[in-house]
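To start, I am sharing the structure in question, which I have written as structure tokens.
The values are calculated or read from the model by the stated rules, or taken from the named source; none is laboratory data. It should be emphasised that the depicted structure is a prediction, and the values quoted were computed from it without experimental measurement. Every residue, glycine among them, receives a Cβ derived from its backbone with ideal geometry; neighbour counts consider all protein chains shown. We work out accessible area using only protein heavy atoms, side chains counted, and drop any ligands, DNA or RNA first. Shrake-Rupley method; radii C 1.70, N 1.55, O 1.52, S 1.80 Å.
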Amino acid sequence: MFIAHLPAGYIFSKYSLPFFKKHRINPWYFIAAGIAGALTPDLDMLYFYFVDQRQHHHHTYWSHYPIVWFSLLCVSMVWLRWASTKRYSVLALIFSFNGFIHMLLDTVVGDIWWFAPFVDKPFALFSVPSVYKPWWLNFILHWTFLLELGICLWALVVWRRARLAHNENHDH
């Protein structure tokens, strides 16, 4: 994925929010935690460019290991189950769930090492041939970019509906 992680995090967080209303979570914090989780795996790009000097695929760093996000998800679920105050465990849960969704989305065209660190083998549903320069044009001109645009459009529709509902509730 190239541009759809933030919109996907927003969508999943918006649709998940009603399931956690009983915990009296601030919706803004909930959605912010979800979006942060959706974006956090790509913070490894800072290391990729400024430390590693682009020597290794950034999906080979621990922040792109699905086992990391699955572990965080499991710890968050246990924390939610046993915590007396659920607020922070719910935020951790949506954060880690969206981090895991990031792995799923990256698997569409980006190699993800699903069994790392135990197996050094990347997986991707589709490959993007290197035809154009600069490199990012290959992703934008590939048919799978339509999926990303669809996710962005979906997020825009969800956001717009939420705004309209909010305005209707405050007009009365």
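For TRP154, only one of the following conditions fails: (1) surrounded by 10 or more Cβ atoms within 10 Å (Cβ to Cβ); (2) without any contact (Cβ under 8 Å) to a residue 40 or more places away in the chain; (3) within 30 Å of LYS21 (Cβ to Cβ). What is its number?
All conditions are met except number (2).
Got at least one residue in segment 81-96 being assigned to a helix (DSSP H, G or I), closer than 16 Å to ILE3 by Cβ and not acidic (Asp, Glu)?
No, that holds for no residue.
Here's something else I'd like to know. Take the residues in segment 16-42 that are without any contact (Cβ under 8 Å) to a residue 24 or more places away in the chain and either more than 14 Å from the chain's Cα centre (by Cα) or open to solvent by 60 Å² or more (accessible area, probe 1.4 Å) (or both), then tell me which one is farthest from TRP159 (Cα to Cα).
It comes out as LYS22.
For segment 46-58, give me each residue that is surrounded by fewer than 18 Cβ atoms within 10 Å (Cβ to Cβ) and closer than 15 Å to ASP111 by Cα. Spell out the reasoning first.
So in segment 46-58, the residues surrounded by fewer than 18 Cβ atoms within 10 Å (Cβ to Cβ) come out as 46-47, 49-57.
Once the filter is applied, which keeps residues that are surrounded by fewer than 18 Cβ atoms within 10 Å (Cβ to Cβ) and closer than 15 Å to ASP111 by Cα, segment 46-58 yields HIS56, HIS57.
Looking at ASN169, is it farther than 15 Å from PHE12 by Cβ, free of Cβ contacts under 8 Å to residues at least 24 places away in the same chain and either open to solvent by less than 100 Å² (accessible area, probe 1.4 Å) or within 16 Å of the chain's Cα centre (by Cα) (or both)?
Taking the combined requirement at face value, the residue does not satisfy it.
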